[in-house]
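The values are calculated or read from the model by the stated rules, or taken from the named source; none is laboratory data. Everything quoted here is computed from the prediction, not taken from an experiment. Note that we place each Cβ from the backbone using ideal geometry, even for glycine, and neighbour counts take in every protein chain shown.
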Amino acid sequence: MSEEQHDRLHPGIVQAQEQLRQGRISRREFLRVATLLGAGLSTATVLAACGGQEAAPPPPPPPGDEEVPIDPAPAPAPGAIRRGGTLRVGVKTQAVDHPARFSWTESSNAFRTAFEYLTETDEENITRPHLLESWEASDDLTVWTLKLREGIFWSNGDELVADHVIYNFGEWLDPDVGSSILGLWEGSLTIDRVEKVDEYTIRLNLDQPKLDVPENLYHYPALIMHPSFNGDISSGANPFTGPYRIVEYIVNERARFERQENYWQMGEDGEPLPYLDAIELIGLGDDQTAYVSALQTGEIHTFYEPSATSFQALRNDTRLKIYSVDTSQARVLRMRVDQAPYDDERVRNALRMAQDREMIMDIAAFGEGMLAHDVHVSPVQPEFAPMDLPLYDPAGARELLAEAGYADGIDMSIAVGTGWSDVVAYAESLQQTAEAAGINLTLNTMPNTSYWDIWTETPLGITPWTHRPLAVMLLPLAYTADSAGDPVPWNETRWVDDEFSELLSQAQGTLDIEARRVLMADLQRIMQERGPVAIAWWQRVWEVYNPGFQGVYAHPTLHTIYFRDMWYDPDLDPFV
């Protein structure tokens, strides 16, 4: 790299390169920062090599920044890729309308086959341009310039241009749409600050520094829609840019997506992607036993989000291939702080102290995962600040309850979706351990669909939250308020803390990972002392596949971005 090219780098990249040279951050964290600030991955890789040339052997990385082992998708050998085949995925086809209101990964996985994102965060938590060609950030992280790839066409023949992206920002930032995306941008961006520079360039003029803009563009409800969007993404009538077209979508039954000709990305064989002819989604209900059986008979080739129980049933089946990765995905025990008794932080703390988290993880996840600290920040997220694990303390919980006016104990009812076996195990384990603390916990069980109907309303429940690559991306979604002071759409607990919000705003604009970790230590302390949630363990996730399908890997969010470039080799299919 020439001196002139080096001088044009964002100063945050230069700073991170020096931290890498000194062994203060990992190579992965450097790549994450460099690509976030607009360096292409190839440039970032060269910079990483240069940054490490003079470095002594680095010390162990800070907790949460270790290189998480991932079973990578092997690079295909020349001539190895084949075209054709249909992938059958066991997953429920959920009722949907506007993608900006998606509340679950299953829906985004279905429709990311046809609709696409401006960016993509890969299996190593590195965010890259997708529909965007590149982005640039100002030195103070308040101005982000987004450059679209030219020559990408919608299925109706229109070229993708800046006006189309601005339309989507208008939907995301409209409170009436009710999108969780609004929480990501709250206090930073309003639609009047989204500027069209030219036909392929958009400028975001932020009201405060923000480092996670590229990651936010890959928040799973942020699929890019044509301005002619008819309000129903499943209809098959909307223009799309992706590799597959919607042929059929029947709620709670099945869906089919077929290969779209002339997709804009090319495959390893020099022809347009995708390699597969079709993808079929097949719903088999909420009980994963049905999916396990269907996979073991060859009826389906994989299924969505195998539970720890399913993993145990399949781990020794030599006919299958399993990929795994640790995540920031969690089953969150959440309390509405605007309703008694959870408006009293002593009650919330007593419930947290009533958890035997090691027992919970052993029972709910067969010990597969990482113990958690009752804060919604995971050790796999780079800014996690090390802290001591809370102890199981039923006597201390009793004392807190007595102080709160419940000397004779307290009755609680918890909403539990029975389709998540680990959620049920979590609740049942807590029911046992909480008894010694004077908490009589009743389980209000229901199908998952019924839980999703009330997940923001029930006073006490366990909500599955998926992985986010950065804590500063996750926390605004669930623990902040909008400009009017009302909780953002996904703030299911209604908890808004002024000190927490101020520190989080600072963290969102702090690029230096070490400085951000200092802020995160205070954020985590606040959550642990007076927050609205308990988190006993962080999940490990698995992809279990028929090995005839190649190019698969485990993504922390179980996002199937590999659907467009996976292929099928019948010679490797043990069920043929």
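At-a-glance table
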{"quantity": "Qualifying positions in region 316-342 - in contact with a Phe, Trp or Tyr (Cβ under 6 Å, 6 or more places away or on another chain) and within 30 Å of Thr493 (Cα to Cα)", "calculated": "Ala330, Arg331, Val332, Met335, Arg336, Val337"}
{"quantity": "Residue match in region 311-318 (condition: over 17 Å from Thr456 (Cα atoms), in the same structural domain as Ile414 (by TED's automatic domain parsing), part of a helix (DSSP H, G or I) and touching a helix residue (DSSP H, G or I) at 6+ places or on another chain (Cβ under 6 Å))", "calculated": "no"}
{"quantity": "Any hit, region 240-252, residues being within 21 Å of Tyr451 (Cα to Cα) and touching a residue at least 40 places away in the same chain (Cβ under 8 Å)", "calculated": "yes"}
{"quantity": "One residue from Leu430, Leu474, Leu391 being touching a residue at least 60 places away in the same chain (Cβ under 8 Å), under 30 Å from Ala507 (Cβ atoms) and not assigned by TED's automatic domain parsing to the domain that holds Leu182", "calculated": "Leu474"}
{"quantity": "Top-ranked residue of region 559-576 - restricted to ones that are closer than 20 Å to Ala294 by Cα and aliphatic (A, V, I, L, M), ranked as surrounded by the fewest Cβ atoms within 10 Å (Cβ to Cβ)", "calculated": "Val576"}
{"quantity": "Members of region 150-179 that are within 14 Å of Leu217 (Cβ to Cβ) and surrounded by fewer than 18 Cβ atoms within 10 Å (Cβ to Cβ)", "calculated": "Ile166"}
{"quantity": "Subset of region 180-193 (residues that are surrounded by fewer than 21 Cβ atoms within 10 Å (Cβ to Cβ), in contact with a helix residue (DSSP H, G or I) (Cβ under 7 Å, 6 or more places away or on another chain) and within 19 Å of Gln508 (Cα to Cα))", "calculated": "Glu186, Gly187"}
{"quantity": "Single condition Ser328 does not satisfy, out of (1) over 28 Å from the mean Cα position of the chain (by Cα); (2) closer than 24 Å to Thr105 by Cβ; (3) small (Gly, Ala, Ser)", "calculated": "(1)"}
{"quantity": "Any chance Tyr249 is modelled with pLDDT of 95 or more and either under 25 Å from Ala162 (Cβ atoms) or assigned to a loop (DSSP other than H, G, I, E, B) (or both)", "calculated": "no"}
{"quantity": "Qualifying residues in region 319-352 (those that are in contact with a strand residue (DSSP E or B) (Cβ under 9 Å, 6 or more places away or on another chain) and part of a helix (DSSP H, G or I)) - the one farthest from Leu572 (Cα to Cα)", "calculated": "Val347"}
{"quantity": "Which listed residue, of Val380, Val332, is in contact with a His (Cβ under 9 Å, 6 or more places away or on another chain), in the same structural domain as Leu441 (by TED's automatic domain parsing), of a type in the set (A, V, I, L, M, F, W, C) and at pLDDT below 95", "calculated": "Val380"}
{"quantity": "Boolean, Ala365 is among the small types (Gly, Ala, Ser), over 27 Å from the mean Cα position of the chain (by Cα), buried (at least 19 other Cβ atoms within 10 Å of the Cβ) and not assigned by TED's automatic domain parsing to the domain that holds Glu124", "calculated": "no"}
{"quantity": "Residue in region 521-542 that is farther than 30 Å from Ala340 by Cα, modelled with pLDDT of 95 or more and surrounded by fewer than 18 Cβ atoms within 10 Å (Cβ to Cβ) present", "calculated": "no"}
